[in-house]
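Inspection log for the structure reproduced underneath, given as structure tokens.
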Amino acid sequence: MQKRSNTHKLIFYIPLLASIVLVTGLLFIPGVAKAGTINLHNSATYYSNTFIHPYVFAETINFNTGYVTAVNRQETADSSLSPAPVKNNNNAPEPAAKPMIEKKVLAKGTKDATELYIIKANKPGPTVMIVGGIHGNETAGYKAAEKFINYDIKRGTLLVIPRANQRAIDNKSRIIKSVGDMNRQFPTSSKSSADTHLTREIYKVVKDFKVDWLMDMHESIDYHKLNPDSVGQTIIYYPANSTRSTVSGLLNSINKTIKYSRAQFTLLRYPVKGSLARAAGQYLGVHSYIFETCSKQSLSTRIDYHVKAANLLLKSLDMN
Ligand SMILES: [Zn+2]
């Protein structure tokens, strides 16, 4: 191996040291530090008009803090170098990227206007829709749905319409008399459309986003187990594909936590014609169901059932 002379060493090290000093300086110019984290592994990267040499900074720069972390100051530009392990300032694991949340208004500009939340994870996955407040006096449904508007999902898309019938909620009534029952206004055949501007927009969301699973949160006045005319504590699903096995799983998990048999959930089928769950299940192939609590229980217990059931669904889809 040939021994380098001192002159050769100087020719080699002076430009290298100069570039380390220059690039380190550029990284601390205000404005270079940006939110987010970028990986600079073995590729020449331009960022904020700063050229960062791949071998000097073959590491992660944490722009959340604005500090360069675990900078790999290699002494040579050896192209066979593999990136050193990624480290954080405090050696904590990198935080998972947060999902994007977008808010839209359905039936915008009308007195039925209501909000739709679109939560998109960074990883692809199923699309789940949660709807509350189709009936304005079913408080637990919309209170539970509201808990999902900022929900952190790890894959797929979560759509939430927490207060579908905002006017009826404001009015503390099941329906708005002049409008009629919103849960009878969705299509009743593959060719028909929904009856009102708002229900057409809600149905369009189900179609446009190709919803895979739909949970519609409702309440009923009595326990189905004691009074078969009422649907309190039931899951009413549209029987298609594998919907039944998933909803039975949800039902069994929830029932394990319920002491009194009257309060245990029963699986029923065929959401009523004209309901959102029926139309979505029958005409759009969505796995859909209505989740009904019983208003004889405390509000917090009812909300808890809805939230638990939605969480179980998301868990079964590996979304939370
Ligand atoms: Zn209802």
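Read the figures in this text as sums done on the coordinates, not as results from a lab. Nothing here was measured: the structure is a model prediction, and the numbers come from that model. Cβ placement follows ideal geometry from the backbone for every residue including glycine, while neighbour counts extend to all protein chains displayed.
Put a dot 7 Å past the Cα of LYS191, heading toward its Cβ, do the same for LYS308, and the two dots end up 4.6 nm apart. Of the chymotrypsin sites (Phe, Trp or Tyr not before Pro) found in segment 259-320, those in coil by DSSP whose Cβ has at most 10 other Cβ atoms within 10 Å are TYR260.
Could you grab the relative contact order for segment 247-320? Cα pairs under 8 Å, six or more apart, rounded to a whole percent. Mind dumping the intermediate values first?
Numbers: 39 pairs, mean separation 17.5, N = 74.
Computed value for segment 247-320: 24 percent relative contact order.
If R0 is 22 Å, the Cβ-Cβ spacing of ASP208 and ALA113 corresponds to a FRET efficiency of close to 0.75. Taking 21 Å as the straight-line reach from the Cα of LYS103, the lysines in range (excluding those fewer than 8 positions away in the same chain) are LYS111, LYS120, LYS123, LYS143, LYS147, LYS154, LYS204, LYS207, LYS210. For ILE221 and ASN241, the difference between the fully extended length at 0.36 nm per residue and the C-alpha to C-alpha distance is 4.1 nm.
From least to most packed, judged by other beta carbons within 10 angstrom and beginning with the fewest, LYS177, LYS296, LYS154 follow the order LYS177, LYS154, LYS296.
In a fully extended conformation the segment linking LEU284 and ILE258 would gain 6.0 nm over its present Cα-Cα distance, using 0.36 nm per residue. This ranking places VAL247, VAL205 by how few other beta-carbon atoms lie within 10 Å of each, fewest first, which gives VAL205, VAL247.
Placing dummy labels 7 Å off each Cα toward the beta-carbon, the span from LYS104 to ASP181 is 2.9 nm.
Taking 0.36 nm per residue of sequence separation and subtracting the Cα-Cα distance, how much length would be gained by fully extending the chain between LEU268 and LEU299, in nm to one decimal? Before the final figure, lay out the partial values.
Values: separation 31, 0.36 × 31 = 11.16 nm, distance 2.31 nm.
Extra length from LEU268 to LEU299 when fully extended: 8.8 nm.
Between ASP152 and ASP229, what's the calculated FRET efficiency when r is the beta-carbon distance and R0 is 35 Å? Round to 0.05. Display every interim value, and only then the final one.
Numbers: r = 40 Å, r/R0 = 1.14.
According to the calculation, E is roughly 0.30.
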